[in-house]
Amino acid sequence: MAIEIDNKKLRVTGITFGLLLGLALTILSILSFYIMISISSVILISSVPFIFSVLLPIVLVVILCFNFRRRIGGFWTFKQAATGIFIMFLTAFVVQFVLRDQVFAKVIEPDMVQKTQTAMTNAVSKFLHESKASQDDIDKKMDDIQKQFESQKEVTIGKQIQGVCFSIIFMFVLALIFAAFFKKEVHIYNPGVDITNR
(Lines give C-alpha, C1' and ligand atoms only; values in the text may rest on other atoms or scores of the structure.)
Protein backbone atom coordinates (compact mmCIF):
# COMPACT_ATOMS: atom_id res chain seq x y z
CA MET A 1 0.00 0.00 0.00
CA ALA A 2 1.32 3.44 -0.92
CA ILE A 3 1.98 5.74 2.00
CA GLU A 4 1.00 9.36 1.80
CA ILE A 5 4.15 11.36 2.45
CA ASP A 6 4.47 15.07 1.91
CA ASN A 7 6.94 15.32 -0.99
CA LYS A 8 8.17 18.68 0.28
CA LYS A 9 8.91 17.16 3.68
CA LEU A 10 10.70 14.25 1.98
CA ARG A 11 12.91 16.63 -0.01
CA VAL A 12 13.61 18.98 2.92
CA THR A 13 14.47 16.08 5.22
CA GLY A 14 16.70 14.59 2.51
CA ILE A 15 18.55 17.88 2.12
CA THR A 16 18.87 18.31 5.91
CA PHE A 17 20.30 14.84 6.41
CA GLY A 18 22.44 15.32 3.30
CA LEU A 19 24.01 18.43 4.83
CA LEU A 20 24.80 16.45 7.99
CA LEU A 21 26.20 13.54 5.97
CA GLY A 22 28.29 15.82 3.76
CA LEU A 23 29.73 17.65 6.76
CA ALA A 24 30.53 14.38 8.54
CA LEU A 25 32.14 12.84 5.44
CA THR A 26 34.23 15.98 4.93
CA ILE A 27 35.48 15.82 8.51
CA LEU A 28 36.28 12.10 8.14
CA SER A 29 38.14 12.78 4.90
CA ILE A 30 40.22 15.56 6.47
CA LEU A 31 41.00 13.41 9.52
CA SER A 32 42.01 10.57 7.20
CA PHE A 33 44.42 12.87 5.37
CA TYR A 34 46.12 14.13 8.54
CA ILE A 35 46.39 10.64 9.99
CA MET A 36 47.91 9.32 6.75
CA ILE A 37 50.62 11.97 6.55
CA SER A 38 51.53 11.47 10.21
CA ILE A 39 52.16 7.69 10.14
CA SER A 40 54.83 5.61 8.44
CA SER A 41 53.28 2.15 8.48
CA VAL A 42 52.18 0.71 5.13
CA ILE A 43 49.47 -1.34 6.81
CA LEU A 44 48.03 1.69 8.60
CA ILE A 45 48.27 3.91 5.52
CA SER A 46 46.43 1.23 3.54
CA SER A 47 43.74 0.69 6.18
CA VAL A 48 43.02 4.33 7.08
CA PRO A 49 41.31 5.17 3.73
CA PHE A 50 39.15 2.03 4.01
CA ILE A 51 38.10 2.86 7.58
CA PHE A 52 37.42 6.56 6.97
CA SER A 53 36.11 6.37 3.38
CA VAL A 54 34.14 3.10 3.42
CA LEU A 55 33.50 1.58 6.85
CA LEU A 56 32.58 4.65 8.91
CA PRO A 57 30.53 6.27 6.08
CA ILE A 58 28.45 3.08 5.70
CA VAL A 59 27.73 3.04 9.44
CA LEU A 60 26.83 6.73 9.30
CA VAL A 61 24.50 6.28 6.31
CA VAL A 62 22.73 3.36 8.02
CA ILE A 63 22.12 5.49 11.13
CA LEU A 64 20.88 8.42 9.02
CA CYS A 65 18.54 6.20 6.97
CA PHE A 66 16.92 4.85 10.13
CA ASN A 67 16.45 8.39 11.45
CA PHE A 68 15.28 9.63 8.04
CA ARG A 69 12.53 7.00 7.90
CA ARG A 70 11.47 7.76 11.46
CA ARG A 71 11.44 11.51 10.81
CA ILE A 72 8.91 11.19 7.97
CA GLY A 73 6.56 8.90 9.86
CA GLY A 74 8.23 5.49 10.09
CA PHE A 75 6.98 4.13 6.76
CA TRP A 76 7.90 4.68 3.12
CA THR A 77 7.70 2.75 -0.12
CA PHE A 78 10.74 1.70 -2.14
CA LYS A 79 10.29 4.65 -4.50
CA GLN A 80 9.94 7.14 -1.65
CA ALA A 81 12.97 5.68 0.13
CA ALA A 82 15.06 5.76 -3.05
CA THR A 83 14.05 9.36 -3.75
CA GLY A 84 14.80 10.58 -0.23
CA ILE A 85 18.10 8.72 0.08
CA PHE A 86 19.26 9.90 -3.36
CA ILE A 87 18.51 13.51 -2.39
CA MET A 88 20.52 12.95 0.80
CA PHE A 89 23.47 11.49 -1.15
CA LEU A 90 23.38 14.24 -3.78
CA THR A 91 23.33 16.98 -1.13
CA ALA A 92 26.22 15.32 0.71
CA PHE A 93 28.16 15.15 -2.57
CA VAL A 94 27.72 18.89 -3.16
CA VAL A 95 28.78 19.69 0.43
CA GLN A 96 31.90 17.54 0.08
CA PHE A 97 32.75 19.08 -3.28
CA VAL A 98 32.58 22.60 -1.85
CA LEU A 99 34.17 22.03 1.57
CA ARG A 100 36.74 19.32 0.83
CA ASP A 101 37.59 19.67 -2.87
CA GLN A 102 37.44 23.45 -3.15
CA VAL A 103 37.98 25.03 0.28
CA PHE A 104 40.22 22.46 1.98
CA ALA A 105 42.19 21.05 -0.95
CA LYS A 106 42.71 24.38 -2.74
CA VAL A 107 42.86 26.93 0.08
CA ILE A 108 43.81 25.25 3.35
CA GLU A 109 45.97 22.38 2.03
CA PRO A 110 46.95 23.18 -1.57
CA ASP A 111 49.81 20.63 -1.31
CA MET A 112 47.47 17.86 -0.20
CA VAL A 113 48.35 15.47 -3.04
CA GLN A 114 52.08 16.09 -2.65
CA LYS A 115 51.98 15.49 1.11
CA THR A 116 50.01 12.28 0.62
CA GLN A 117 52.49 11.13 -2.01
CA THR A 118 55.43 11.85 0.29
CA ALA A 119 53.84 9.91 3.16
CA MET A 120 53.00 6.98 0.90
CA THR A 121 56.45 6.93 -0.71
CA ASN A 122 58.22 7.02 2.66
CA ALA A 123 56.04 4.28 4.13
CA VAL A 124 56.40 1.96 1.12
CA SER A 125 60.14 2.60 0.88
CA LYS A 126 60.59 1.82 4.58
CA PHE A 127 58.53 -1.36 4.26
CA LEU A 128 60.47 -2.57 1.20
CA HIS A 129 63.83 -1.88 2.83
CA GLU A 130 62.77 -3.74 5.96
CA SER A 131 61.60 -6.61 3.75
CA LYS A 132 65.07 -6.62 2.15
CA ALA A 133 63.68 -6.07 -1.34
CA SER A 134 66.13 -5.44 -4.16
CA GLN A 135 66.89 -1.86 -5.14
CA ASP A 136 65.40 -2.49 -8.59
CA ASP A 137 62.10 -3.57 -7.02
CA ILE A 138 62.11 -0.52 -4.76
CA ASP A 139 62.82 1.83 -7.67
CA LYS A 140 60.07 0.22 -9.74
CA LYS A 141 57.55 0.59 -6.92
CA MET A 142 58.53 4.22 -6.38
CA ASP A 143 58.01 4.90 -10.10
CA ASP A 144 54.57 3.29 -9.95
CA ILE A 145 53.56 5.48 -7.01
CA GLN A 146 54.91 8.54 -8.81
CA LYS A 147 52.83 7.77 -11.92
CA GLN A 148 49.67 7.21 -9.88
CA PHE A 149 49.96 10.57 -8.16
CA GLU A 150 50.95 12.39 -11.35
CA SER A 151 47.72 11.17 -12.96
CA GLN A 152 45.78 12.68 -10.04
CA LYS A 153 47.43 16.07 -10.56
CA GLU A 154 46.53 16.24 -14.25
CA VAL A 155 42.76 16.62 -13.97
CA THR A 156 41.13 18.18 -17.04
CA ILE A 157 37.63 19.67 -17.18
CA GLY A 158 36.54 16.65 -19.23
CA LYS A 159 37.77 14.27 -16.54
CA GLN A 160 36.03 16.33 -13.86
CA ILE A 161 32.71 16.21 -15.73
CA GLN A 162 33.16 12.49 -16.33
CA GLY A 163 33.92 11.99 -12.63
CA VAL A 164 30.81 13.93 -11.57
CA CYS A 165 28.59 11.94 -13.94
CA PHE A 166 30.03 8.66 -12.67
CA SER A 167 29.51 9.80 -9.06
CA ILE A 168 25.85 10.68 -9.69
CA ILE A 169 25.19 7.30 -11.33
CA PHE A 170 26.97 5.54 -8.46
CA MET A 171 24.94 7.49 -5.88
CA PHE A 172 21.70 6.59 -7.66
CA VAL A 173 22.56 2.88 -7.66
CA LEU A 174 23.63 3.12 -4.02
CA ALA A 175 20.36 4.87 -3.15
CA LEU A 176 18.42 2.00 -4.77
CA ILE A 177 20.39 -0.54 -2.73
CA PHE A 178 19.81 1.28 0.56
CA ALA A 179 16.15 1.84 -0.34
CA ALA A 180 15.71 -1.91 -0.80
CA PHE A 181 17.01 -2.44 2.75
CA PHE A 182 15.19 0.43 4.43
CA LYS A 183 11.80 0.46 2.74
CA LYS A 184 9.00 -0.18 5.19
CA GLU A 185 5.47 -0.28 3.88
CA VAL A 186 2.19 -0.30 5.80
CA HIS A 187 0.41 -3.66 5.79
CA ILE A 188 -3.33 -3.45 6.38
CA TYR A 189 -5.36 -6.55 7.16
CA ASN A 190 -8.21 -6.83 4.67
CA PRO A 191 -10.23 -10.08 5.04
CA GLY A 192 -12.27 -9.31 1.95
CA VAL A 193 -15.00 -7.07 0.68
CA ASP A 194 -18.62 -7.86 1.35
CA ILE A 195 -20.29 -7.98 -2.06
CA THR A 196 -23.68 -9.24 -0.88
CA ASN A 197 -26.71 -7.10 -1.57
CA ARG A 198 -27.56 -4.70 1.15
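The values are calculated or read from the model by the stated rules, or taken from the named source; none is laboratory data. Given the structure is predicted, the values throughout are model-derived calculations rather than measurements. Note: ideal-geometry Cβ built from the backbone for every residue, glycine included; neighbour counts use all protein chains shown. Surface accessibility is based on the protein's heavy atoms, side chains included, excluding ligands, DNA and RNA. Shrake-Rupley method; radii C 1.70, N 1.55, O 1.52, S 1.80 Å.
Quick check on Gly192: is it at pLDDT below 85 and at positive phi? The answer is yes for Gly192.
Limited to segment 81-121, what total is found for residues that are under 15 Å from Ala24 (Cβ atoms), open to solvent by less than 50 Å² (accessible area, probe 1.4 Å) and not small (Gly, Ala, Ser)? Residues flagged as under 15 Å from Ala24 (Cβ atoms), open to solvent by less than 50 Å² (accessible area, probe 1.4 Å) and not small (Gly, Ala, Ser) within segment 81-121 amount to 6. Among the numbered conditions (1) open to solvent by 100 Å² or more (accessible area, probe 1.4 Å); (2) within 20 Å of Ser38 (Cβ to Cβ); (3) modelled with pLDDT of 85 or more, the only one that Phe170 does not meet is (2).
Based on this model, can you work out whether Phe149 counts as among the aromatic types (Phe, Trp, Tyr) and surrounded by 12 or more Cβ atoms within 10 Å (Cβ to Cβ)? Spelling it out, Phe149 is indeed among the aromatic types (Phe, Trp, Tyr) and surrounded by 12 or more Cβ atoms within 10 Å (Cβ to Cβ). Note on segment 1-44: residues that are small (Gly, Ala, Ser) and closer than 21 Å to Leu60 by Cα total 6.
A single entry from Ile108, Ile43, Ile85, Ile5 fulfils the requirement of being within 30 Å of His129 (Cα to Cα) and aliphatic (A, V, I, L, M): Ile43.
Report whether or not Leu55 is surrounded by 18 or more Cβ atoms within 10 Å (Cβ to Cβ), closer than 30 Å to Lys184 by Cβ and at pLDDT 85 or above. Talk me through it step by step, then tell me what you get.
Values: surrounded by 18 or more Cβ atoms within 10 Å (Cβ to Cβ): no; closer than 30 Å to Lys184 by Cβ: yes; at pLDDT 85 or above: yes.
Against the criterion (surrounded by 18 or more Cβ atoms within 10 Å (Cβ to Cβ), closer than 30 Å to Lys184 by Cβ and at pLDDT 85 or above), Leu55 does not qualify.
Only one of the numbered conditions (1) in contact with a Lys or Arg (Cβ under 9 Å, 6 or more places away or on another chain); (2) closer than 30 Å to Lys184 by Cα; (3) open to solvent by 20 Å² or more (accessible area, probe 1.4 Å); (4) of a type outside the set (D, E, K, R) is violated by Ser40, and that is (2).
In this structure, is Val48 open to solvent by less than 40 Å² (accessible area, probe 1.4 Å), without any contact (Cβ under 8 Å) to a residue 24 or more places away in the chain and among the β-branched types (Val, Ile, Thr)? Step through it out loud before you land on a result.
Working: open to solvent by less than 40 Å² (accessible area, probe 1.4 Å): yes; without any contact (Cβ under 8 Å) to a residue 24 or more places away in the chain: yes; among the β-branched types (Val, Ile, Thr): yes.
Yes.
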